[in-house]
Amino acid sequence: MDLFSPVSLGDLHLPNRVVMAPLTRTRSGEAGIPGPLVAEHYAQRASVGLIITEGTYPSHESRAYPGQPGIVTDEQIAGWRAVADAVHAKGGRIVMQLMHSGRVSHPLINGTDRVVAPSAVAIDGETRTTTGKVAYPVPHALTTEELATVRDEFVTAAKNAIAAGLDGVEVHGANGYLLHQFLSPVSNVRDDQYGGSAEARARFVVEVTTAIAEAVGAGRVGIRLSPMHNIQDVFETDLADATATYEAVVDGLAPLGLAYVSVLHSEPTGALVQDLRERFGGPFIVNSGFSSVTSRDEAIALVEDSHADAVAVGRLAIANPDLVERWKGEHPENEPNAATFYGPGAEGYTDYPRLSA
């Protein structure tokens, strides 16, 4: 295997193993509708093996950020259809990351009267709204009946994504958002069948992913996990507990025939991640996380040394619309400008130069 060789992830057939990681960019306006700028951005990057979109909300209540896109309204679905068409016209493949914020939100952002979570445990900190920073509120602890509604919202969103022409969906079970909140014994202090033991905390993640796979076909469904990432107050500091929790998740997912599992972890070649890969037994994507930029050499080694089937790349995919061409030819890379990662306009989004420019 090498990074630039084809690979099949379930029903997704990739010409190379460079995957564009899901990257929050907040360019979809107040109504959460991806417009021509978003379509241009993703189409520019169509030569990667697979594009995973930024986290997209499956219900208004689940919106995390101003400018985040949704897949709820007819207008949002139409916007994503234009994005998918633009990527496909350039020969690319694109899947939508479905992201429920859980408690990583505020009524001033989601437009409802509450935020929700596994338990009524708030994040210690502030979030940014259109009117300034505010403290995170104490979330409403979802009832068992409400969990069924959330699951069904994920399923509807997945159907909407496929109807819009995307090639699949990725379930966001990472980085401190709702599904990840269920996995941590700090953010999930429930005493029902969804809390307590590692197996119980894993249950809702498995149930949601199973329902989505049944609705749109497992071969078009992936999931992202970030064990022990310890972000947004979703703390997983006990290695034994985290190992048991993620083994329970992967054991629940393995029989489904998913397209892939994608794991973000600072040590992708380490025992925890590689154990999960072996237990899953299917296509596996890795990313080393936020602390360092994924380099060409790292990505090549991860695939050549059989630690992953593909590598998710974030910041260099932002800065280099022709990243695969640059890496194959060993050309210099554009440097990402972190000051423009988030914002409403084209700067730092569609204006990075290509090699031919």
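Odds and ends about this structure:
- Take the chain and mark each of the trypsin sites (Lys or Arg not before Pro) that is in a DSSP loop with at most 15 other Cβ atoms within 10 Å; the longest unmarked stretch, sites excluded, is 115-353.
- Nitroxide proxy distance, nm - points 7 Å out along Cα→Cβ at THR156 and VAL186: 3.4
- Taking each DSSP H run with n ≥ 4 as -39500 (n - 2.57) and averaging over every residue of the chain yields -10000 deg cm²/dmol at 222 nm.
- Phi to ³J(HN,Hα) by Karplus 6.51 cos²θ - 1.76 cosθ + 1.60 over the stretch 263-271, Hz, x for Gly, Pro: 10, 9, 7, 5, 10, x, 8, x, 5
- FRET efficiency, 1/(1 + (r/R0)^6) with R0 30 Å, evaluated for ASP351 and ASP74 via beta carbons: 0.45
- Taking all pairs of distinct alpha-carbon atoms in the stretch 119-197, Kirkwood radius in angstrom: 14.8
- Cβ-derived FRET efficiency at R0 25 Å, GLN193 paired with GLU126, nearest 0.05: 0.15
- Using the Stokes-Einstein relation with a Kirkwood hydrodynamic radius computed over Cα pairs, the translational diffusion coefficient of the chain at 37 °C and a viscosity of 0.692 mPa s comes to 163 µm²/s.
- Since only LEU225, PRO107, ALA242 are under comparison, the one whose Cα sits farthest along the positive direction of the charge dipole of the chain, derived from C-beta charges on Lys, Arg, Asp and Glu, is PRO107.
- Label sites at ALA244 and THR24, each approximated as a point 7 angstrom past Cα along Cα to Cβ, lie 3.1 nm apart.
- Label-reachable residues, the stretch 65-83, where backbone N falls under 16 Å from a point 7 Å from THR112's Cα toward its Cβ: 65-66, 70-73
- Amide H contacts of THR56: GLN97, LEU98, MET99, each under 5 Å away and 5 or more positions distant or on a separate chain (H built 1.01 Å from N in the peptide plane; Pro and chain starts excluded).
- DSSP-defined antiparallel bridges as percent of all bridges, the chain, nearest 5: 20
- Cα centroid separation - the stretch 324-347 against the stretch 266-317, whole Å: 21
- Solvent-accessible surface of the chain, taken per residue with a 1.4 Å probe and all protein chains present: 37 Å².
- Note on ARG279/ASP85: beta-carbon distance plugged into 1/(1 + (r/R0)^6) with R0 of 45 Å gives a FRET efficiency of 0.75.
- Portion, in percent, of the accessible area of the chain that falls on carbon or sulfur, probe 1.4 Å: 51
The values are calculated or read from the model by the stated rules, or taken from the named source; none is laboratory data. Since this is a predicted model, take the numbers as computed values, not measurements. Cβ atoms come from the backbone with ideal geometry, glycine included; neighbour counts cover every protein chain shown. Areas reflect the complete protein model, heavy atoms only, side chains present, ligands, DNA and RNA absent. Shrake-Rupley method; radii C 1.70, N 1.55, O 1.52, S 1.80 Å.
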